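To start, the structure under review is shown below, and the notes come after it.
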Amino acid sequence: MVHPVSAAEYVIDFGLITDLERLRPLFDLCTDFGSLERNRGALESVSDLESLRAFLERIGVVRFSGCPKIGTFPGVKPVR
């Protein structure tokens, strides 16, 4: 379940995520995509995040902030 509180920060390692669609709440609701901010339009509008897997895996690790609180899974770690 996603909570609309914009307070969480996450470190995301795209190489560890088996299903990129699980990140959809972060791409839809985070206020800052860190080093991916310049790609915000493409990331928010793509219908299937898996189509961007090669690009995202090359990016490696990023930090998102101003995010809803989500359940974590391999590749998504909250910053405390």
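Looking only at the stretch 45-77, count every residue that is exposed (fewer than 13 other Cβ atoms within 10 Å of the Cβ) and farther than 16 Å from Tyr10 by Cα and tell me the total. Quick ask: steps written out before the conclusion?
Going through the stretch 45-77, the residues exposed (fewer than 13 other Cβ atoms within 10 Å of the Cβ) turn out to be 45, 47-48, 50-51, 54, 58, 60, 71-72, 74.
Now restrict to residues that are farther than 16 Å from Tyr10 by Cα: 45, 47-48, 50-51, 54, 58.
Within the stretch 45-77, residues that are exposed (fewer than 13 other Cβ atoms within 10 Å of the Cβ) and farther than 16 Å from Tyr10 by Cα number 7.
So which pairs qualify, if the first residue must be in the stretch 2-18 and on the phi < 0 side of the Ramachandran plot and of a type outside the set (Phe, Trp, Tyr), the second must be in a helix (DSSP H, G or I) and at pLDDT 85 or above, the Cβ gap must be under 8 Å, and the two must be at least 6 apart or on different chains?
Val2/Pro25; Val2/Leu29; Pro4/Leu29; Ser6/Leu29; Ile12/Leu23; Ile12/Leu26; Gly15/Glu57; Ile17/Leu23
If you scan the stretch 36-59, which residues turn out to be small (Gly, Ala, Ser), closer than 18 Å to Gly75 by Cα and at pLDDT below 95?
The answer is none; no residue qualifies.
Within the stretch 27-43, count every residue that is of a type in the set (A, V, I, L, M, F, W, C) and closer than 11 Å to Arg63 by Cα. Explain how you work it out, then say what you get.
So the first thing to find is which residues in the stretch 27-43 are of a type in the set (A, V, I, L, M, F, W, C), and the list is 27, 29-30, 33, 36, 42-43.
So of that shortlist, the ones also closer than 11 Å to Arg63 by Cα come out as 30, 33, 36.
Within the stretch 27-43, residues that are of a type in the set (A, V, I, L, M, F, W, C) and closer than 11 Å to Arg63 by Cα number 3.
Among the strands (runs of 3 or more DSSP E) contained in the chain, which hold 3 or more residues that are more than 10 Å from the chain's Cα centre (by Cα) and not polar (S, T, N, Q)?
Numbers: elements: 3-13, 61-69, 76-78.
Where strands (runs of 3 or more DSSP E) fall fully within the chain and carry at least 3 residues being more than 10 Å from the chain's Cα centre (by Cα) and not polar (S, T, N, Q), they are 3-13, 61-69.
The values are calculated or read from the model by the stated rules, or taken from the named source; none is laboratory data. Small disclaimer: the values here were computed from a predicted structure and weren't measured. Note: ideal-geometry Cβ built from the backbone for every residue, glycine included; neighbour counts use all protein chains shown.
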